[in-house]
Amino acid sequence: MAQKVRTVGIALILCFGCAVFLSAAPQKAMSVQVKEGQVRSSASFLGAIVARLAYGERVEIVQDRGNWLRVAVRGGGQGWMHASALTTKNIVLKAGAGDVQTSATSGEIALAGKGFSEEVEREYKQRNRSLDYTWVDRMERFQVSPEQMQAFLKEGNVVPAEGGGR
């Protein structure tokens, strides 16, 4: 009888320990905070793009590797995203009565689509008139698709290191 009590006690302790461990490490949900979030096959900006996510889409964090996060996307796929493309804020594009405090403002939506625009560039050039922008202007005209980049890497037998291009 004492043996059964001990066995049941140990089983309960193990079950309780597992429950505490699993509840202490829940998956963390994050939102895409850029116009287009690129999910990559490896933790590198040179990794192949396996999915593209829109501003506000939610992902579950599966693994954290510094600036790179392995994410699970809706539909079951997984890949790597740079931490700068994600936020812990739950972005709600159309707020209802209950979630108006967490909705994105029109300014936040506009910022998500902005980059180094012509207006920003003009302002920067005005403040830094002594700099030569000839090669910057030439480089801006280069157009390289993700497919072309992948073909170039493959042809040159280049295998980017994990986390490369940080």
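The values are calculated or read from the model by the stated rules, or taken from the named source; none is laboratory data. Not measured: the values here are computed from a predicted model. A quick note on method: Cβ atoms are made from the backbone with ideal geometry, for glycine too, and the neighbour counts reach across all protein chains shown.
One line per residue, one yes/no per condition, for (1) assigned to a helix (DSSP H, G or I); (2) more than 24 Å from the chain's Cα centre (by Cα):
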| site | (1), (2) |
| --- | --- |
| ARG122 | yes, yes |
| GLN126 | yes, yes |
| ARG129 | no, yes |
| ASP132 | no, yes |
| GLN143 | no, no |
| PRO160 | no, no |
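Sort out which residues of region 59-108 are at pLDDT 60 or above, not in a strand (DSSP E or B) and not small (Gly, Ala, Ser), and write them in order of number.
Correct list: ASN67, VAL73, ARG74, THR88, LYS89, ASN90, ILE91, LEU93, LYS94, THR105, GLU108.
Output the residues belonging to region 28-47 that are surrounded by 15 or more Cβ atoms within 10 Å (Cβ to Cβ) and in contact with a Leu (Cβ under 9 Å, 6 or more places away or on another chain).
Of everything in region 28-47, those that are surrounded by 15 or more Cβ atoms within 10 Å (Cβ to Cβ) and in contact with a Leu (Cβ under 9 Å, 6 or more places away or on another chain) turn out to be MET30, SER31, VAL32, GLN33, VAL34, GLY37, GLN38, VAL39, ARG40, ALA43, LEU46.
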